[in-house]
Amino acid sequence: PPAVQLIDQQPATASRGWARAGVLSLIIRSSDISTMASTAGHLIKCLLKPTNLRGWRGCTGKLRSYYTYSHEPFHPLKRVPAWKTAEEAVSVIKSGDVVFVHGAAATPLKLVGAMAEYGKKQQLSNVTVCHIHTEGSAVYAQADCEGIFRSNSFFIGPNCRAAISEGRGDFVPIFLSEIPLLFHRHIIDIDVALVQVNPCMPRTFGDGVIHKSHFDAMVDGICNLPEHEPKERSDVENEIGRLIAEELVVNGATLQMGIGNIPDAVLASLRGHKDLGIHSEMFSDGVVDLVEAGCITNTHKKYHPGKIVGIMCDVSFVNSIPIIAQNPKVTAINSCIEVDLTGQVVSDSIGTRMYSGVGGQVDFIRGAAVCSDGQGKPILAMPSVTSRGESKIVPFLKQGAGVVTTRAHVHYMVTEWGIAYLFGKNLRQRAYELIRISHPDHRESLEKAAFERLNCMPTKEL
């Protein structure tokens, strides 16, 4: 009809999963709602004829039934998963398979144990187990599973460090936000996925909702979730937390922080703040206390105002730099292992020994730096010395150490001795600022080393 105009005709984006299912996106404009409805119905009937699909951009002329498969995991399918024992469920794993294991507190410990026993019993070989950090003992990464399983970590947990150090496991340096691309782009193709759906898990909104019909097998066995009990904080960690909370975090800020003693120390020092927001990968129990105290309201956030955002949402959204930057006063607080006098930051390794991973540090450091209101604060924090008294601020990084955050990314560096602002500073100014927040026992030697490296004295002035 003349009142109807076809504005666009194309398959919906593959990221939403419709294109592969053969569903077309039609945008129809009409001033008459009844005309629009009848016309849409007519178009759909016409488009269901394969002959009418040919020539449309991205269409092959064949439609898969919507109910055959959907890439939207919350959409129910006309299929019912079989209930099996853990041993029966993992029996689908074959030599050479790639197995994805759900990570963190959702690690399916019962299935992981059954997989390890099945692999040994059936003498499987070359099974790749890929994951972010997992909880439990990671039996697939133990020495007696060498040749059967090989761990491939996107972020290293304590249970896989030995395997990687001894050459029995692997590590993929990758931003957390880009891990989904490994699968979407078929860089890694998964044969079997072991995930945990447990009534002990907290009910959250976001992208972690999967209808049971998307599983091939279900295993009964409720178990308690792994927990990280808070550790006693040191005076050094409490002072770092106080400096960040009192000097750098302002009312109305959107916070990103991880888990551990320094983030906990920051949270414990924020009781006097108001209208804080949370847009973060992870967060600890201290966030709950601040919500209950009325300090965290998420009122001023641009994305999901009034709601706490974590990686219950798709990590490619949570860790998207443009998304992060839209929130107000983004304050990203991350820890590190070592920094040299020019501002190069090591966060994933101790010399050649791989320790953790790239994670989302750079995503949030950059998101805060380019915050749309110009009030973002990218913060890196660490104690000034190791448990053995060695300076973490060094003239040169240890041999084999990996730079996660470059000297160009660094803005604020915090130790218990103060705050160094490095953005826009030249190398001799950076050396001065970092020496100023180093442990007093190491300042003289660092100053001498800076002179030897730069051929000039560190200075505050331009």
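Okay, here's what the table says:
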| quantity | calculated |
| --- | --- |
| Residue in segment 342-352 that is modelled with pLDDT under 95, touching a Leu at 6+ places or on another chain (Cβ under 7 Å), closer than 19 Å to residue 262 by Cα and surrounded by 24 or more Cβ atoms within 10 Å (Cβ to Cβ) present | no |
| Test: residue in segment 374-393 that is of a type in the set (Val, Ile, Thr), farther than 26 Å from residue 427 by Cα, open to solvent by less than 10 Å² (accessible area, probe 1.4 Å) and in contact (Cβ under 8 Å) with a residue 60 or more places away in the chain | no |
| Failed condition for residue 427, given (1) farther than 23 Å from residue 235 by Cα; (2) open to solvent by 20 Å² or more (accessible area, probe 1.4 Å); (3) touching an Asp or Glu at 6+ places or on another chain (Cβ under 9 Å) | (3) |
| Residue within segment 125-139 that is surrounded by fewer than 23 Cβ atoms within 10 Å (Cβ to Cβ), farther than 20 Å from residue 157 by Cβ and of a type in the set (A, V, I, L, M, F, W, C) present | no |
| Count of residues meeting criterion [within 10 Å of residue 93 (Cβ to Cβ), assigned to a helix (DSSP H, G or I) and open to solvent by 30 Å² or more (accessible area, probe 1.4 Å)] in segment 109-123 | 1 |
| Condition check for residue 399: surrounded by fewer than 21 Cβ atoms within 10 Å (Cβ to Cβ) and touching a Gly at 6+ places or on another chain (Cβ under 7 Å) | yes |
| Condition met for residue 94 (farther than 27 Å from residue 281 by Cα, of a type in the set (D, E, K, R) and part of a loop (DSSP other than H, G, I, E, B)) | yes |
| Residues satisfying the stated conditions in segment 370-405, i.e. among the β-branched types (Val, Ile, Thr), outside any strand (DSSP E or B) and closer than 27 Å to residue 277 by Cα | 370 |
| Checking residue 410 against (1) at pLDDT 95 or above; (2) surrounded by fewer than 19 Cβ atoms within 10 Å (Cβ to Cβ), the condition it does not meet | (2) |
| Only one of 98, 90 that is buried (at least 19 other Cβ atoms within 10 Å of the Cβ) and closer than 15 Å to residue 193 by Cβ | 90 |
| Top-ranked residue of segment 243-255 - restricted to ones that are farther than 23 Å from residue 416 by Cβ and in contact (Cβ under 8 Å) with a residue 40 or more places away in the chain, ranked as surrounded by the fewest Cβ atoms within 10 Å (Cβ to Cβ) | 252 |
| When residues of segment 256-295 are limited to those that are in contact (Cβ under 8 Å) with a residue 24 or more places away in the chain and of a type in the set (Val, Ile, Thr), the one surrounded by the fewest Cβ atoms within 10 Å (Cβ to Cβ) | 259 |
| Flag if residue 318 is surrounded by fewer than 20 Cβ atoms within 10 Å (Cβ to Cβ) and not hydroxyl-bearing (Ser, Thr, Tyr) | no |
| Residues of segment 305-322 satisfying the condition of being more than 15 Å from residue 366 (Cα to Cα) and either modelled with pLDDT of 90 or more or among the aromatic types (Phe, Trp, Tyr) (or both) | 305, 306, 307, 308, 309 |
| In segment 430-453, the residues that are under 14 Å from residue 383 (Cα atoms) and either crowded, with 18+ Cβ neighbours inside 10 Å or of a type in the set (Phe, Trp, Tyr) (or both) | 434, 435, 437, 438, 439, 442 |
| Matching residues, segment 296-315, being of a type in the set (Ser, Thr, Tyr) and surrounded by 15 or more Cβ atoms within 10 Å (Cβ to Cβ) | 297, 303 |
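The values are calculated or read from the model by the stated rules, or taken from the named source; none is laboratory data. Keep in mind that what you see is a predicted model, and the values were worked out from it rather than measured. With ideal geometry, Cβ positions are generated from the backbone for all residues, glycine too; neighbour counts draw on all protein chains shown. Note: areas computed on protein heavy atoms with side chains; ligands, DNA, RNA excluded. Shrake-Rupley method; radii C 1.70, N 1.55, O 1.52, S 1.80 Å.
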